[in-house]
Amino acid sequence: MLNNFPLWPESASTIAHRVDALYIFLLIVAGMMALLICALVIYFAARFRSRPGVRAEQIEGSNALEITWSVIPFLVFMVIFAWGAVVYFQERTPPTDATEVYVVAKQWMWKVEHAEGQREINELHVPVGRDVKLIMTSQDVIHSFFVPAFRIKQDVLPGRYTVEWFHATKPGTYHLFCAEYCGTQHSGMVGSIVVLEPAQYEAWVNGSPNGPLSATGEKMFAELGCSSCHRSDMPGRGPNLQGVFGKPVELADGRTLTVDENYLRESILDPGSKRVRGFQPIMPTFQGLVTEEQVNALVAYIKSISTAGTRIGANAMPSAVSASEGSVSSAAQPNGNQVQQ
Amino acid sequence: MSATNVVPQQQFERETYLNKVYGMWSWLLTTDHKRIALLYLISITFFFFIGGFFALLIRLELLTPAGDLVQADTYNKLFTQHGMVMVFFFLIPSIPAVLGNFLVPMMIGAKDLAFPRINLLSWYLYIIGGVIMLHCMMTGGVDTGWTFYVPFSTNYTNTKFVEAGIAIFIAGFSSILTGLNFVVTIHRMRAPGMTWSRLPLFIWAHYATSIIQLLGTPVIAITIVLVACERALHLGIFDPRLGGDPLLFQHLFWFYSHPAVYIMILPSMGVVTEIIPCFSRKRIFGYSFVAFSSIAIAVFGFLVWAHHMFVAGMSVYAGLVFSFLSYAVAVPSAIKVFNWTATLYKGSIHYDAPMLYAFGFLGLFTIGGLTGLFLAALGINVHVTDTYFVVAHFHYIMVGGAVMGYLGGIHFWWPKISGKLYPEGWARLAALIVFLGFNLTFFPQFVLGYMGMPRRYWDYSHMPEFQVLNVLSTAGATVLGVGYLLPMIYLLWSMRYGKPASDNPWNAAGLEWKTSSPPPTDNFKEEPVVTWEAYNYEELDAPPQALEVPVG
Ligand code: HEM
Ligand SMILES: [Cu+2]
Ligand SMILES: [Cu+2]
C-alpha cells in the first residue's frame, strides 16, 4: 500500500538531506506553534463558554505579553531564516570542479548536451557521487528544471544562463519536471534523471558517437571566423581568448567583471553591451546566426582553452575565481562525499 | 442570545434604505453606500460561483492522472480564469466593497462615504471590467496563468491576453477608487468623539487595506500596459532578444501582487476582530497592538515581493534580504493571532455561527501563516516553490482565511443588512462543512507539494503515485462546494422567510448597531456623539441599575 502511496519524496542528493533536516525542524516548530494556538483556543472556548450569571472579565491588554509574543517568535524566525539561508547558499553555489552539462529548454522538451558530447532529450544520465553542474538556457519562454528527489529547482530563462548543481547519492531513476508554467504541454515537459554507478556511467559516456562539446566548439570557432580576430598565436584584432575564463576583464566603460558563462554568452550574442577595454568595437553580433546549442559549444570551447590543456600563454588555470565567490564555494562544497545516505 | 432577537412585525413598515425608493433605476443610480454594497454583493457572488465552477472542473480533471476530462489548453484556461476571477473579481473586492462599503460610514457615524458618486463609479468600473472578463472567457479565454509571466504572455500565447488585461486594468481602478474613498472618509467624516483610538479595528484594517489599494494597484496597471505594449509593439522592455529583462516583469508583478494578498486578508482580519469580542463579551486584548499591526503589515507588505522569485534567477544576496523581510512581516500577523486568542481568555463565549466562522478563520489562517514560514526559508523554498505546497499555502490564507472571515462577516451583519435573521442551525452546519471540506481539499496538497507535484499540471500520468492525495483533494472540494452553496441558499431564503431582526440582535458594540435594522438611508436619525471606547462590552452587559449611573 505505502509503495504506491508514498508521503515523502525520495532523497537522492547531498542537498536533499539538508533540506529534509530543515523541513523536519520546521514541521516540529510550526507544529508546536499550531498546537499551542489550537490548544489555547479550544481550552478558552470550552472553559469560558457563557454561563448564566457569569460575566466576562474585561482585560485591556499587557505590554509585557505583547513584547513576549513578538520577540520570541521573531527569534525563532531568525533561526529558521539563518538555517534556510545556509542551505540556500549550498544549493546556489556550484563547486568549481563539477562535471558540466549544458541544458537547453524549449516548449516542451529538455535538450541535454554533455561535455563529452552525448546528447539526450528529456533524460539526463549522471554518475553517482560526483558533482554535476547544469548550465541552462531557454530557447523560448521561462521553464524551470526541477528534480524533487534532489530538492533542487532553478528557473531556465531565455537570453541568459542560469546554473544549478547537485551531487547524487543514490543510483536510480528520478523525476525531472518543468516547474514553471510554459504553455500547452507544460505538464508534458517531464523526463528522468538516471543516476548510474561510476563504471556504468563511463561505459555510457564512452558510447558517444559525437566528439566532445568543446571540439565541436573549436570547429565552429574556425568556421564562424572567430579565429580570424581571436588568435592565440599572435596579437589579433580581438583579445586572445586563451585563459580568459574565470579571470577579471576590464571593460571600456571602466568596470571590471569576472568572465563567466553568462559573460561569454553575452559577448557572442550582444558584444555591444560589454566592450573589452583597448579594442575597437568591431566584433559583429552573432544573435540569430547561431543556435543555443552552438553558443553552448563555443562557450564550452572557450572554457576548455582556459582550464585544461593550457597550450600557450601562462597562468590559464582558473585558480583565480574571484575572491568572494571562491570563499563561498569552498565553504559550500566540502563534505559532499561523506553525506551518502 | 437568540430569544430577544425577534421584534414585533409592525416595525417592518418603517422606512429603510431598502424600501425608501423602488425600481431598477433606484438601484442602478443609487449613491447610497449601503445599496452599492448590495450591488457589489450580488456581483461578486456571481463571480465567486463562476470561479468556483472552474475550480470544480480543475479538481475533476485531477481525479485521474491522465489528462482525460478536458484538453490541455482548456485546462490551462481553466486555472488561469479561475485565478483571475477569484483574485480580481471576487477576493479583492469581497470584504472592502461589500462589508466595508456598508459598514465604514456607519461604524464611524457618517451618513455616507466621502464621495458617494465615485463609489457608484467604482461599481460601474468593476462591472465593465467584469463584463469584459466574461466576454474574454466566452470568446476563447486566456491561458497565461493569473501571473501572466513574460515572455509567455508577450510573445507566445495566442489567447486573449490583452482583453483579460484590459478587464483587470479597469477593475483595478474600481479598487483604487474604493480605497481612496475609505481613506478620505476615515480621515474626514468621523462623528464627534470618534477619535482614532476609539475606532473599531475593522476600520483600522480597512484603512491599512486602502493604503495598499491606493499605492499598489497603479503598479499592476502599469505592468499590464507594459505587457500589452510589448506584445503589440515589441518594445524590448521584457524581451531578452531586444535587450529587455523578463525578471523585470516579475518584480513589477509581485510588487503589486504580494501586497494584494494583504488587500485580501487584512479586511478579513478586521471582521474577525469585531466578531471575537462580541461573542466573548469582552473588549479586544491589546487594541493598539492589533491596530498598529495592520499598519505594519501594510507597510512591510510592500517590501517582500521578491520572495516569489527565489529560484527565478535573482542574486543570492537579494534572496537573503527578501527572506529576512518576509520573516519580519510575519511578526505582526503573529501578534494578531495571539491577541485574538488572548481575547477569549476569561470571556463569556457564545458559539453562534459568526463565531464558528471566526474560529475557523483562526485555525486556517494560522496554518496558512505557519506554512509561510516554510516558504520564506530559502533552502526549503527552492524545493517547494511552484508546487502544490504553494497552492495549499495561499489557499489556506486566501480561502481558508479571507473567505472564512468574509462569510463570518456576512452572517454577523446579515441582520443589519437585510433586517432578517438567518437560520442559526443551518449556518452552524455550513460553517462546519466549510471547515472540514476546506481541510480535506487543501491539506493533502501540502504533502503533494513536498513530494514534488508541480502546480499547473494537467496530466500527471508519469507520476501515478500522486493520485491518492489528489482524489482526497477532489473529494474535499465537493464537500467545500456544498458548504459554500448552503449559505447562499439559506440567506436568500431568510430574506423572505427569516424572522425580522431587532436593531442589535447580538447586543454588539459599534455604532452600526445603534441604528435600526435595516438602517434608514441616512444611517442615523441624528448624528451620533461618541463618548465610549470601541468594544465597551462591559457597559453593554452591565446589569440595568448600573447602567443608569454613567448616562446621567
Ligand atoms: C498573511 C497573509 C498571506 C497571504 C494572503 C499570502 C498569500 C500568498 C500567495 C497568494 C502566494 C502565492 C502566489 C502565487 O505564486 O501564485 C504566496 C506565496 C508565498 N507566501 Fe504567502 N501569504 C501570506 C502570508 C505569508 C507569510 C506570513 C509568509 C512568510 C513568513 C509568506 C510567505 C510566502 C512565500 C515565501 C511565498 C512564495 C512561495 C513561492 O512561490 O515560492 N506568506 N502567499
Ligand atoms: Cu513548463
Ligand atoms: Cu508574497
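Structure values in brief
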item	result
Size of the protein assembly as shown as Cα extents on the principal axes (Å, biggest first)	104, 53, 53
Other protein chain Cβ atoms within 10 Å, averaged over every residue that makes up A:36-46	5
Heavy-atom accessible area, 1.4 Å probe, ligands and nucleic acids excluded: residues of the stretch B:324-361 down by at least 40 Å² from chain alone	B:324, B:327, B:331, B:338, B:341, B:345, B:346, B:348, B:349, B:351
Occluded residues from the stretch A:118-150, i.e. those whose accessible area drops by 40 Å² or more once the chain is not alone (1.4 Å probe)	A:141, A:142, A:146
In degrees, nearest ten, helix A:213-223 long axis to first principal axis of chain A (Cα)	40 degrees
Peptide A:84-96 - average C-beta neighbours from other chains (10 Å radius)	5
³J(HN,Hα) computed for each position of the stretch A:167-172 - Karplus, 6.51 cos²θ - 1.76 cosθ + 1.60, integer Hz, glycine/proline x	9, 5, 10, 8, x, x
Number of partner chain Cβ atoms within 10 Å, mean per residue of A:71-82	5
Inter-site label distance for residue B:489 and residue A:215 at 7 Å from Cα along Cβ, in nm	7.4 nm
The protein assembly as shown: calculated mean residue ellipticity at 222 nm from DSSP helix runs of at least 4, using -39500 (n - 2.57)	-17500 deg cm²/dmol
Most mobile of A:56, A:16, A:297 in a GNM of chain A (Cα contacts under 10 Å)	A:56
Percent of C-alpha pairs per 10 Å bin, chain A, short to long	5, 20, 26, 20, 12, 7, 5, 3, 1, 0, 0
Distant-in-sequence amide H partners of residue B:501 (H built 1.01 Å from N, under 5 Å)	B:420, B:421
Linear extension gain, residue B:184 paired with residue B:71, 0.36 nm per residue minus alpha-carbon span	35.8 nm
B/A buried area, accessible surface, summed, 1.4 Å probe, Å²	7800 Å²
11 Å cut-off, amide nitrogen to a point 7 angstrom out along residue B:424 Cα→Cβ, residues in the stretch B:322-350	B:350
Top of A:109, A:136, A:33 by mean-square fluctuation, Gaussian network on chain A, Cα under 10 Å	A:33
Over the stretch A:137-244: Rg over Rh, Cα atoms, Kirkwood Rh	1.09
Sequence-distant residues sharing a close amide H with residue B:244 (under 5 Å, placed H)	B:239
Sorted peptide list for A:232-240, B:319-327, criterion being average Cβ within 10 angstrom, highest first	B:319-327, A:232-240
Long-range Cα-Cα pairs in the stretch B:318-408 (distance over 19 Å), rounded percent	47 percent
Distance between modelled label sites at residue B:229 and residue B:295, nm, 7 Å Cα→Cβ extension	3.6 nm
Solvent-accessible area, 1.4 Å probe, carbon plus sulfur percent, for the protein assembly as shown	65 percent
10 Å binning of all Cα-Cα separations within the stretch B:30-542, expressed as whole percents from 0 upward	4, 19, 31, 28, 13, 5, 1, 0
Candidates A:279, A:81, A:48: whichever shows maximal mean-square fluctuation once chain A is modelled as a Gaussian network with Cα springs under 10 Å	A:48
Kyte-Doolittle mean at least -0.5 and Cα axial length at least 24 Å: DSSP H helices in chain B	B:33-61, B:116-138, B:161-188, B:201-233, B:246-280, B:316-344, B:353-376, B:424-451, B:467-497
Heavy-atom accessible area per residue - the protein assembly as shown, 1.4 Å, Å²	38 Å²
Contour excess over end-to-end distance, with Cα ends at residue A:203 and residue A:79 and 0.36 nm allotted per residue	40.1 nm
Anisotropy class of the stretch B:429-494 from Cα gyration tensor, a/c 1.5 cut	prolate
With Cα atoms, 0 to 90° folded angle of helix A:63-92 axis to chain A main axis	30 degrees
Highest average packing first - A:248-254, B:481-487, Cβ atoms within 10 Å	B:481-487, A:248-254
Per-residue HN-Hα couplings for the stretch B:498-512 [Karplus 6.51, -1.76, 1.60; θ = phi - 60°; Hz; x = Gly/Pro]	x, 6, x, 9, 6, 5, 9, x, 9, 6, 8, 6, x, 4, 4
Cβ-placed point charges (K, R +1; D, E -1), dipole of the stretch A:7-79 about Cα centre in debye, nearest 20	360 debye
Gyration tensor (alpha-carbon) shape descriptor, the stretch B:1-154, a/c threshold 1.5	prolate
Computed over the stretch A:1-102, Kirkwood Rh from alpha-carbon pairs, angstrom	18.6 Å
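The values are calculated or read from the model by the stated rules, or taken from the named source; none is laboratory data. If you're wondering where the values come from, they're calculated on a predicted model, not measured in any experiment. Neighbour counts are summed over all protein chains in view; Cβ atoms, including those assigned to glycine, are modelled from backbone coordinates with ideal geometry. In case anyone asks, the SASA skips ligands and DNA or RNA and just uses the protein heavy atoms, side chains included. Shrake-Rupley method; radii C 1.70, N 1.55, O 1.52, S 1.80 Å.
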